[in-house]
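Contents: one structure, followed by commentary.
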Amino acid sequence: MFRLEGNKTLAVDLAGDAVKAKNGSMVAYEGQMTFKKMTGGGEGLRGMVTRRLTGESMAVMQVSGQGTCYFADRASEINLVSLHGDKLYVEASNLLCTDAGLRTGTTFTGLRGGATGNGLFTTTVEGTGQAAIMSDGTAVVLRVSPQYPLFVDPGAYIAHQGSLQQNFQSGVNFRTLIGEGSGESFQIRFEGDGLVYVQPSERNTIGGNV
């Protein structure tokens, strides 16, 4: 069971089951716990090779046992995501913890990944269970509907889920519109039906801070 202690610490209650968490993110635990470093983001040798080829690195440990384990990473805000047989797309650097039964992988994201400077691939989490994702500041969860597409600054993008299509666009962005842009400008257009997680802080991109 995942629950938040405040908004920057994740508590996971374990009863003989396991979770996969970002390596080094455990800050405390109660009870009997076992920690095991996993290869290739928890996807084995094939996952390790894939992640090296794609540049979507993710160091993961498996935590199992009886008791409560607490996770945090650089005082980042934490958001809980429930999956019901669907798929979450998330930047590897923003993924804190998942139920051990959820499958992780990598997928091609096209030019959006190139815009963020995080490579052309992103991490996927799929199945039924809970995941915890991180944001720099309190994230907002924005609904996309067929009638209302959503435009997102790629530096602020964290994750998305649902039946969404994303298209990379260049030439204009939010800072350009108010005269504060520098270099090339990018944005992502999401269409369909789903949710997009956005943080109130921006990563550096190929074109600078967009």
Can you name the residue in the range 176-198 that is closer than 23 Å to residue 144 by Cβ and among the β-branched types (Val, Ile, Thr) and is also modelled with the lowest pLDDT among such residues? 176
If you scan the range 127-147, which residues turn out to be open to solvent by 20 Å² or more (accessible area, probe 1.4 Å) and touching a residue at least 40 places away in the same chain (Cβ under 8 Å)? 128, 130, 136, 137, 138, 140, 141, 142, 143, 145, 146
If a residue has to be small (Gly, Ala, Ser), open to solvent by 60 Å² or more (accessible area, probe 1.4 Å) and either over 10 Å from residue 61 (Cα atoms) or assigned to a strand (DSSP E or B) (or both) to count, how many in the range 1-29 make the cut? 2
Considering only the range 64-83, state which residues are among the hydroxyl-bearing types (Ser, Thr, Tyr) and either farther than 22 Å from residue 138 by Cβ or surrounded by 17 or more Cβ atoms within 10 Å (Cβ to Cβ) (or both). 64, 68, 76
Restricting to the range 115-126, name every residue that is open to solvent by 20 Å² or more (accessible area, probe 1.4 Å) and either modelled with pLDDT of 90 or more or not in a loop (DSSP other than H, G, I, E, B) (or both). 121, 126
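The values are calculated or read from the model by the stated rules, or taken from the named source; none is laboratory data. Predicted model, so just to flag it, every value in this text is computed and none were measured. Heads up, the Cβs are rebuilt from the backbone with ideal geometry, glycines too, and the neighbour counts pull from every protein chain shown. Heavy atoms of the whole protein, side chains included, go into the accessibility calculation; ligands, DNA and RNA do not. Shrake-Rupley method; radii C 1.70, N 1.55, O 1.52, S 1.80 Å.
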